[in-house]
């Protein structure tokens with residue numbers, strides 16, 4: 001069994017916050033924590049994709065998926081337990097639901113995935129969206145999401161600072177290299193793009209399992225979602241450009257709202273239906289179950305990026321435009 005580290009982080013700070021909570025701040029920081037969840041990022045990405053800028057949506061989805069994969073690898077590599085785990089008091093000290101506590105207790109602490117993902121995702125949007133209100137909201141989201149984690153008791157303050165630093169570095173590097181990276185990627189053939197994505201995604205998942213002592217649980221399983229969704233996006237994007245190529249800024253507001261709701265419905269139906277079918281086929285924590293989970297999230301990514309736009313075209317909810325090269 002792999003050995004956990006016990007870094008000398010400031011538990012007293014987390015303890016102080018736990019002893020000075022109030023119902024209003026707790027509700028605020030629970031909401032802020034939700035804004036830093038992967039499903040909320042997916043909602044924002046789909047919003048950008050169906051009503052505003054498909055290329056930005058694709059870029060930011062790649063960014064946040066790679067960032068969260070890196071975060072999981074770092075957590076498994078560092079193996080630092082969350083606050084109050086060693087003391088055995090986390091059920092009393094964490095301001096989260098019992099179900100969330102069970103899941104979080106099985107994961108490591110350093111760096112904070114919420115802080116790291118938020119710094120990368122919202123900083124990237126800050127760099128490419130020139131609206132001052134959006135930028136203010138992005139900064140506020142980064143701050144509140146980060147502060148929510150030690151307040152709720154599930155992370156050390158140092159976890160958040162490290163997560164912020166890495167996430168911001170990733171966002172800056174991605175913003176500076178966005179044009180060159182996109183141009184390089186578009187010069188690769190479609191089959192090579194898919195092959196690279198599948199190989200890299202499954203390779204990272206295998207590395208996570210190896211670092212986790214070859215145990216098929218907790219953080220390595222989360223990486224299946226990131227790798228699978230990214231694979232679905234990569235498969236879908238060229239097909240959407242060639243076969244649909246809808247204009248996200250077309251149509252009236254009502255049509256745009258319907259596009260977003262339809263996309264959410266298609267994604268949820270795909271995810272839940274495949275989860276039901278695949279759970280009956282294999283144990284989720286077996287090797288076949290892992291592969292099916294990867295396929296499920298690839299299907300979810302494909303449904304959001306291609307199937308939903310195809311429905312837009314057929315139902316006249318969006319106008320199409322001349323084929324693009326990116």
Verdict on residue 235 being in the same structural domain as residue 198 (by TED's automatic domain parsing), in contact with a helix residue (DSSP H, G or I) (Cβ under 7 Å, 6 or more places away or on another chain), in a helix (DSSP H, G or I) and closer than 19 Å to residue 43 by Cβ: no
Of all residues making up region 288-316, the number that are outside any helix (DSSP H, G or I) and within 20 Å of residue 42 (Cβ to Cβ): 0
Tally of residues being out of contact with any helix residue (DSSP H, G or I) (no Cβ under 7 Å at 6 or more places or on another chain) and either free of Cβ contacts under 8 Å to residues at least 40 places away in the same chain or closer than 18 Å to residue 56 by Cβ (or both) across region 206-232: 4
Residue 124 over 19 Å from residue 211 (Cβ atoms) and either buried (at least 23 other Cβ atoms within 10 Å of the Cβ) or in the same structural domain as residue 212 (by TED's automatic domain parsing) (or both): yes
Elements of type helices (runs of 4 or more DSSP H) contained in region 24-142, each with 1 or more residues being under 22 Å from residue 257 (Cα atoms), in contact (Cβ under 8 Å) with a residue 60 or more places away in the chain and touching a helix residue (DSSP H, G or I) at 6+ places or on another chain (Cβ under 7 Å): 38-51, 54-78, 113-128
Any hit, region 54-62, residues being modelled with pLDDT of 90 or more, surrounded by 18 or more Cβ atoms within 10 Å (Cβ to Cβ), over 30 Å from residue 312 (Cα atoms) and assigned by TED's automatic domain parsing to the domain that holds residue 130: no
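The values are calculated or read from the model by the stated rules, or taken from the named source; none is laboratory data. The shown structure was predicted, so the numbers you read here are calculated from the model rather than taken from an experiment. Heads up, the Cβs are rebuilt from the backbone with ideal geometry, glycines too, and the neighbour counts pull from every protein chain shown.
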